[in-house]
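Before I ask anything, here is the structure I am working with.
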Amino acid sequence: MRESAEDLFPADRVPGEVDLRWPAAGLSGCELAEGAVRPACCGARGRIVIISTIGARFNPPFAGALDAAKAALTALADALRQELTTWDVQVVLIEPASINSGAADKVARDAAAAMAAAPAQGRTLYEDTFAKMIAVMQRREGGGSRPDVVAATIIRALASSRPRSVYLTGGLTAAGYSQLPALVLDRARRRVFRLPPPGSLAS
């Protein structure tokens with residue numbers, strides 16, 4: 001599933017076609033594959049590994065549409081784990097956190113292009129906070145874990161005789177935040193992403 005800064009929007013300004021496209025794009029390939037192999041799964045033991053993101057637990061600003069699709073994958077994994085256990089088919093969910101994929105500079109370029117193409121009103125309302133959020137994401141990805149950390153987690157999930165239902169992997173700073181109450185988590189995210197205080201921009 002393609003991800004870039006072009007897919008980051010303020011939640012109140014997600015283009016309609018993107019709003020519908022992301023959950024569909026996130027699920028369609030996974031559901032098609034699962035539907036194709038389900039008859040075989042029901043006749044043999046096995047294991048399915050689904051990769052989502054820790055963003056479904058720690059949804060940052062401007063990533064609502066993107067993380068909604070990932071949250072849908074998480075829900076699908078939960079359902080499949082319950083449905084297929086009867087046939088001894090195990091479903092494992094992997095949630096990577098900060099991963100240094102080498103795409104940080106491209107994300108920054110895409111973000112600048114996305115904001116430049118936004119309507120004037122959108123730029124007026126969000127340009128400063130959007131730029132700060134992208135700078136934080138770029139820095140966190142640059143300091144994130146190598147992709148082979150995720151690959152090793154996938155191998156462990158496949159090879160383990162008793163795999164966990166969920167594996168967190170990569171830079172896990174967000175994992176601790178995800179356990180906080182919602183209002184405390186909001187304050188933490190405002191600090192992390194350098195967002196303005198509540199009500200500070202109200203007229």
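The values are calculated or read from the model by the stated rules, or taken from the named source; none is laboratory data. A quick note: this is a predicted structure, and the numbers were derived from the prediction, not measured. Cβ placement follows ideal geometry from the backbone for every residue including glycine, while neighbour counts extend to all protein chains displayed.
Residue-by-condition table, conditions (1) closer than 30 Å to Ser161 by Cβ; (2) touching a Gly at 6+ places or on another chain (Cβ under 7 Å); (3) modelled with pLDDT of 80 or more; (4) of a type in the set (A, V, I, L, M, F, W, C):
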{"residue": "Ala75", "(1), (2), (3), (4)": "yes, no, yes, yes"}
{"residue": "Gln82", "(1), (2), (3), (4)": "yes, no, yes, no"}
{"residue": "Gln90", "(1), (2), (3), (4)": "yes, no, yes, no"}
{"residue": "Ala97", "(1), (2), (3), (4)": "yes, yes, yes, yes"}
{"residue": "Ala113", "(1), (2), (3), (4)": "no, no, yes, yes"}
{"residue": "Ala118", "(1), (2), (3), (4)": "no, no, no, yes"}
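Suppose we filter the range 81-104 for residues that are over 28 Å from Val136 (Cβ atoms) and surrounded by fewer than 22 Cβ atoms within 10 Å (Cβ to Cβ); how many remain?
10
Just name the residue that is surrounded by the fewest Cβ atoms within 10 Å (Cβ to Cβ) out of those in the range 136-171 that are of a type in the set (Lys, Arg) and closer than 17 Å to Asp88 by Cα.
Arg162
Let me ask another. Going by the conditions given, is Ala71 modelled with pLDDT of 80 or more, among the small types (Gly, Ala, Ser) and surrounded by fewer than 17 Cβ atoms within 10 Å (Cβ to Cβ)?
no
For the range 90-136, what are the residues that are outside any strand (DSSP E or B) and either touching a His at 6+ places or on another chain (Cβ under 8 Å) or under 30 Å from Leu158 (Cα atoms) (or both)?
If the condition is that a residue be outside any strand (DSSP E or B) and either touching a His at 6+ places or on another chain (Cβ under 8 Å) or under 30 Å from Leu158 (Cα atoms) (or both), then Ala97, Asn100, Ser101, Gly102, Ala103, Ala104 are the ones that fit.
Can you work out which of the residues in the range 172-201 that are of a type in the set (S, T, N, Q) and surrounded by 11 or more Cβ atoms within 10 Å (Cβ to Cβ) is modelled with the lowest pLDDT?
Per the criteria, the residue is Thr173.
Search the range 123-147 for residues that are at positive phi and pair each with any residue that is charged (D, E, K, R) and at pLDDT 80 or above when their beta-carbon atoms are under 9 Å apart and the residues are at least 6 apart or on different chains.
The qualifying pairs do not exist here.
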